[in-house]
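Asker: Got a structure for you, questions after.
A short reminder: the numbers here are calculations on the coordinates, not readings from a lab. Just so it is clear, the model here is predicted, and its values are computed rather than measured. Positions of Cβ are generated from backbone atoms using ideal geometry, with glycine treated the same way; all protein chains shown enter the neighbour counts.
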Amino acid sequence: MAIASYKGGVGKTTLASVIASIFSERFNRKVLIIDVDPQSNITEVFIPPREFEKLINISKSHGKVFSLEWIAGAGEPLIYSVTNNLSILPSKPEYIGLAKFLMVPLERIQGLRKDLENKMNMYDYIIFDLPPQMYGLIGPLIKVVDILVTPVTKTSFALSALYYLIRDIRGSPPHENPPFIGAILTRFRKNEAMAIEMYRRRIKRIVEEAYQSLAMKWEFSDILTPTFNSVFYAHPKLADIRALPMDKNDNVRMIRLVRGLLKYSPQILSFVEPLAKELEYRINIALSRK
Ligand SMILES: Nc1ncnc2c1ncn2[C@@H]1O[C@H](COP(=O)(O)OP(=O)(O)O)[C@@H](O)[C@H]1O
Ligand SMILES: [Mg+2]
């Protein structure tokens with residue numbers, strides 16, 4: 001599954017962190033996160049700085065590689081266990097320099113698909129947290145995943161980004177069917193019901209237009225809406241996923257790693273669990289149709 005949008009700052013990484021945590025810790029699924037963004041935000045959420053330093057050393061001494069090199073086909077992946085159920089193939093800031101030149105050739109994409117299929121024996125979900133740019137990488141990657149979700153915030157730019165994302169799913173094997181299963185409205189407030197309805201209508205139109213331009217139809221239209229029913233509402237505890245883990249009363253601020261354990265604010269969980277359930281439901285529908 002990839003969490004993608006060509007627009008930055010829409011909440012991809014926050015959503016990926018929360019979903020990965022709920023799937024692994026509450027639904028007891030085995031989850032691998034692959035951090036494809038040179039900004040390395042989700043790596044920073046799940047790997048404490050000192051552990052990260054160790055990984056850099058292990059990578060050098062054992063010849064294993066971080067995410068982008070693995071994608072480019074340059075070695076075996078260095079996978080870090082966060083908990084029993086949750087692992088991550090990290091990114092690193094050095095990739096910022098490499099990223100602009102990275103073009104993944106089609107043969108490697110086929111190879112990547114095979115690598116992922118082998119890994120799927122070990123994981124229930126592999127979640128790619130994608131960067132907003134690096135089109136030479138996102139284009140090929142969204143073609144190897146089975147599932148694509150995209151957050152949409154309250155800006156018309158996020159809607160254009162959705163249009164172009166859907167357009168790019170199409171075009172090369174192995175996918176017969178584009179794996180897009182719905183947009184997730186993100187960072188809306190509970191009292192913005194009108195805006196939410198308006199965005200649902202706009203997304204529906206955009207999805208239809210994008211599919212029409214590909215001479216296809218939105219294949220789940222008889223069961224699923226183009227937008228998730230659950231909204232990833234704005235929540236002050238999610239305002240900075242890399243913020244301090246505890247507030248002054250020692251409450252966990254959000255989902256994150258504290259002293260080697262994954263902890264989460266109960267408030268965050270209760271408000272994102274319906275979304276995580278809906279996501280799993282949609283994934284099952286999409287995969288059973290293959
Ligand atoms: N549901 C949410 N509620 C409040 N703030 C959010 C929420 N989702 C994301 N944010 C904030 O929005 C900003 C961008 O989110 P991020 O997940 O880093 O986006 P992206 O990965 O798409 O660039 C961050 O400061 C993040 O904390
Ligand atoms: Mg991000």
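Asker: Mean residue ellipticity at 222 nm from the helices of the chain, using -39,500 (n - 2.57) per DSSP H segment of n ≥ 4 over the full residue count, to the nearest 500 deg cm²/dmol?
Answerer: -13500 deg cm²/dmol
Asker: Got a sec to turn the phi values of the stretch 139-153 into Karplus ³J(HN,Hα) couplings, 6.51 cos²θ - 1.76 cosθ + 1.60 with θ = phi - 60°, whole Hz, x for Gly and Pro?
Answerer: Here the 3J(HN,Hα) series is x, x, 5, 5, 8, 9, 7, 8, 9, 10, 10, 9, x, 10, 9 Hz.
Asker: Only bridges whose two residues both fall in the stretch 1-127 count here: according to DSSP, what percent of them are antiparallel, nearest 5?
Answerer: 20
Asker: For a quick protection proxy, order the peptides 49-56, 127-134 by their average other-Cβ count within 10 Å, most packed first.
Answerer: 127-134, 49-56
Asker: On to the next question. Projected onto the charge dipole of the chain (+1 at Lys/Arg Cβ, -1 at Asp/Glu Cβ, origin at the Cα centre), which of Leu98, Leu162, Phe188 gives the Cα projection farthest towards the positive end?
Answerer: Farthest towards the positive pole: Phe188.
Asker: Okay, moving on. Report ³J(HN,Hα) in whole Hz for each residue of the stretch 158-167, in order, from the Karplus equation J = 6.51 cos²θ - 1.76 cosθ + 1.60 where θ = phi - 60°; Gly and Pro get x.
Answerer: Calculated HN-Hα couplings, in order: 5, 6, 4, 4, 5, 4, 5, 5, 4, 4 Hz.
Asker: For Arg201 and Arg170, what is the calculated FRET efficiency with R₀ set at 35 Å and r taken between the beta-carbons, to the nearest 0.05?
Answerer: 0.90
Asker: Once phi is turned into ³J(HN,Hα) by the Karplus curve 6.51 cos²θ - 1.76 cosθ + 1.60 with θ = phi - 60°, what whole-Hz value does each residue of the stretch 194-209 show in order, with x for glycine and proline?
Answerer: Each residue of the stretch 194-209 in turn: 5, 4, 4, 4, 4, 5, 4, 5, 5, 5, 4, 4, 5, 5, 4, 4 Hz.
Asker: Sort 194-204, 21-31, 269-279, 97-107 for me by packing, meaning the mean count of neighbouring Cβ atoms within 10 Å per residue, highest on top.
Answerer: 21-31, 269-279, 194-204, 97-107
Asker: Test of understanding: what is the full-extension gain from Gln212 to Ser288, defined as 0.36 nm times their sequence separation minus their Cα-Cα distance?
Answerer: Full-extension gain reported as 25.0 nm.
Asker: Right, here's the next one. Quick check on the chain: of the DSSP beta bridges with both residues there, what percent are antiparallel, nearest 5%?
Answerer: 25
Asker: Could you name the aspartates and glutamates in cross-link range of Lys30, using Cα to Cα under 12 Å and dropping any fewer than eight places away on the same chain?
Answerer: Cα-Cα hits under 12 Å: Asp124.
Asker: What residues have an amide H closer than 5 Å to that of Lys30, excluding those fewer than 5 places away on the same chain, when H is modeled at 1.01 Å from N in the peptide plane?
Answerer: Amide H neighbours of Lys30: Asp124, Tyr125.
Asker: Another one. With a Förster radius of 25 Å, plug the Cβ-Cβ distance of Asn57 and Ile96 into 1/(1 + (r/R0)^6) and report the FRET value to the nearest 0.05.
Answerer: Efficiency, rounded to the nearest 0.05: 0.75.
Asker: Oh, and also: At Tyr281 and Lys114, where each label point lies 7 Å from the Cα along Cα→Cβ, what is the point-to-point distance in nanometres?
Answerer: Here the modelled spin labels are 3.9 nm apart.
Asker: Give me the lysines in straight-line cross-link reach of Lys217: C-alpha distance below 29 Å, same-chain residues under 8 apart excluded.
Answerer: Qualifying lysines at Cα under 29 Å: Lys7, Lys12, Lys114, Lys143, Lys154, Lys204, Lys277, Lys290.
Asker: Limiting things to C-alpha atoms, what are the Rg and the maximum Cα-Cα separation (Dmax) for the stretch 2-288, in angstroms?
Answerer: Values for the stretch 2-288 (Cα only, Rg and Dmax): 18.3, 56 Å.
Asker: Amide H of Val258 versus every other amide H placed in the peptide plane: which residues, excluding those fewer than 5 positions away on the same chain, fall under 5 Å?
Answerer: When sequence neighbours closer than 5 places are left aside, the close amide H contacts are Lys263.
Asker: For a quick check: with amide H placed at 1.01 Å from N, whose amide H comes under 5 Å from Leu148's, ignoring anything fewer than 5 positions away on the same chain?
Answerer: So Leu148 has HN proximity to Ala2, Phe180, Ile181.
Asker: Between the stretch 56-108 and the stretch 115-137, how many Å separate their Cα centres?
Answerer: 11
Asker: How charged is the neighbourhood of Ala239? Take every other residue with its Cβ under 12 Å from the Cβ of Ala239, and add Lys/Arg as +1 and Asp/Glu as -1.
Answerer: +3
Asker: Let me know the charge dipole size of the chain about its Cα centre in debye, to the nearest 20, where only the beta-carbon of Lys, Arg (+1) and Asp, Glu (-1) is charged.
Answerer: Value, rounded to 20: 460 debye.
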